[in-house]
Amino acid sequence: MGSLSSAPPGNSRIGRIVAASLVGTTIEWYDFFLYGSAAALVFNSLFFPSSDPLVGTLLAFLTYAVGFAARPLGGVVFGHYGDKIGRKKLLVLSLLMMGGATFAMGLLPTHASIGVWAPILLTVLRLVQGFALGGEWGGAVLLVSEHGGDERRGFWASWPQSGAPGGNLLATGVLALLAAVQSEEAFLAWGWRIPFLLSGVLVMIGLWIRISVEESPVFLEAQRKSAEAAAQGEKEQPPVVEVFRKNWREVLLAIGTRFGENISYYILTAFLLVYVTVHLEMSRSDALNAVLIGSAVHFVTIPLWGALSDRLGRRPVTLIGAVGMAAWAFAFFALLDTRSFPVIVLAVTLGLLLHGAMYGPQAAFISEMFDTKVRYSGASMGSQLASIIGGALAPLIAVELLKDYESSVPVSLYLCFASLVTAVTVWVAKETRGRDLTKDGPDRSVPAQPTATVKDSVPLGR
């Protein structure tokens, strides 16, 4: 079984697996972020009408947070069955659930048509989105991590991470295009529905690609061993019980690792739209285009950070991003306050570049913390619990701080604190680079690392 680790698949095979994970995560994040963008721009008036724009936005972001609340439950359910029956089947199911909920949002009548039932139905569909996304992240990164070799896992596993800015890029791009070609009245009347209905087409494409890939060989071997143990009368605990019984420290480390990354991302993207359009009173197009440009750079650089973590280690690269973001928290809003579009683009782009240093190595880092038989459950639970205390509350807290203090300084302090939490967590964590995913327990300790070379650290041409 050790050969699985020492002999990673060829470029064509790993390329198909990376493509399937990347396309799927891009579509799912497109669906999820589309709601976040719409909550900041249109849902406040269509589903939560209020005389105060910030109050309506706050209510819209409450349903945005509901999606995060459902993610740990999705992580538990998808993680349990993903560790039992496989990564691939659960990834197909998560894509269908997410796409169906998003498509249905595009058909919803607004508050003006059906009153209070409009926000209720919107919230239910948001719960389905969150449940599906709770199982997506763990499965997508594990499918790649468990197919790739130990030496380049950071690079290969970072590609599904690019699905987040890829989905944001796609969602923001569609909204920016509609905002540019439609009047405000047309966009609010029917134009906002187009990106949600487009999800149906994207899901079909994602399913076609995702169904064609093979199951993780690491999982199949672990499944074979579990079947042999069961045949001999050995009884295994459910994966989620096993995680909290034996791996609660790793779950806490995963939460801390994601805390600052999660909060910073939603402030740099979702809250930015509110800050620029409501507080600075600039156009919706300026805000969307700034996120669009920043997301394009983010998409390209995340795998580069992942590759760097294969050379330097997961911890040093993540620390670069966390400490850098803590400092950037104050410069970020100062640059936004200039009301200069090029300067705002610079602020968003550099912020997302620092975020990528935390996000790129994260897939490999968290995957390497857990044994195969509980890896889906452990990675999903750690990441999704972080999403509740991090990403779910970040736009709400930021909007409330801005509303109460009418200043960006409290938001900067909040972002700085979150980033420092991640920095401290990563500082005390053990390095996992080079860990053999085919071995469990004490046998999966990290081997001595050979001195890296420039050639070894750039896996693109291999």
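Quick note: the coordinates plus some simple rules give every number you see, no bench work behind them. Source: prediction; values computed, not measured. Cβ sites come from the backbone with ideal geometry, for glycine too, and all protein chains shown count toward neighbours.
When Rg and the Kirkwood Rh are both derived from Cα coordinates, the Rg/Rh ratio for region 275-378 amounts to 1.10. When Rg and the Kirkwood Rh are both derived from Cα coordinates, the Rg/Rh ratio for region 395-444 amounts to 1.35. With the simple model of a label 7 Å out from the Cα in the direction of the Cβ, V124 to Q237 spans 3.7 nm.
Since only L202, V243, Q182 are under comparison, the one whose Cα sits farthest along the positive direction of the charge dipole of region 170-244, derived from C-beta charges on Lys, Arg, Asp and Glu, is Q182.
Report the net charge of residues surrounding Y359, where surrounding means a beta-carbon distance below 11 angstrom and charges are Lys +1, Arg +1, Asp -1, Glu -1. Provide the component values of the computation, followed by the final result.
Working: positive: R258; negative: E261.
Counting the neighbours of Y359, the net charge comes to 0.
Axis of helix 341-359 versus longest Cα principal axis of the chain: the two differ by about 20°, to the nearest ten degrees.
Rounded to the nearest 10 degrees, the inclination of helix 314-336 to the longest alpha-carbon principal axis of the chain is 10 degrees.
Rounded to the nearest 0.05, what FRET efficiency do V116 and I194 have when you use their Cβ-Cβ distance and R0 = 25 Å? The formula returns an efficiency of 0.45 here. About its Cα centre, the dipole of region 120-192 is roughly 60 debye, where the only charges are +1 on Lys and Arg Cβ and -1 on Asp and Glu Cβ.
Just check region 202-295 against the gyration tensor rule for me: Cα atoms, a ≥ b ≥ c as the square roots of the eigenvalues, rounded for a/c under 1.5, and otherwise prolate or oblate depending on whether a/b exceeds b/c. It comes out oblate by the Cα gyration axes.
A Förster distance of 30 Å, applied to the separation of the beta-carbon atoms of E221 and R249, puts the FRET efficiency at 0.70.
Could you work out how much longer the chain between S283 and A334 gets when fully extended? Use 0.36 nm per residue separation minus the Cα distance between them, nm to one decimal.
Values: separation 51, 0.36 × 51 = 18.36 nm, distance 1.85 nm.
Extra length from S283 to A334 when fully extended: 16.5 nm.
If you count Lys pairs in the chain whose Cα atoms are under 23 Å apart, skipping same-chain pairs closer than 8 places in sequence, the total is 23.
Hey, with R₀ at 22 Å, roughly what FRET efficiency would V428 and R13 work out to, going by the Cβ-Cβ distance, to 0.05?
Working: r = 37 Å, r/R0 = 1.68.
It comes out at approximately 0.05.
When only alpha carbons are used to place a centre, region 319-381 and region 261-298 end up 15 Å from one another. Judged by the ratio a/c of the largest to the smallest principal axis of the C-alpha gyration tensor, the chain counts as prolate, that ratio being 1.5 or greater while a/b is larger than b/c. I'd like the distance separating the alpha-carbon centroids of region 405-429 and region 125-173, in whole Å. Region 405-429 and region 125-173 have Cα centres separated by 24 Å.
With +1 assigned to the C-beta of every Lys and Arg and -1 to the C-beta of every Asp and Glu, and no other charges, what is the dipole magnitude of the chain about the Cα centre in debye, to the nearest 20?
940 debye
By its C-alpha gyration tensor, with a ≥ b ≥ c as the square roots of the eigenvalues, how is region 97-180 shaped: rounded for a/c under 1.5, else prolate for a/b larger than b/c, else oblate? Walk me through the numbers on the way to the answer.
Numbers: a/c = 4.82, a/b = 2.01, b/c = 2.39.
Oblate, since a/c reaches 1.5 and b/c is not below a/b.
Ranked by the mean number of other Cβ atoms within 10 Å of their residues, highest first, the peptides 21-27, 334-340, 138-144 fall in the order 138-144, 21-27, 334-340.
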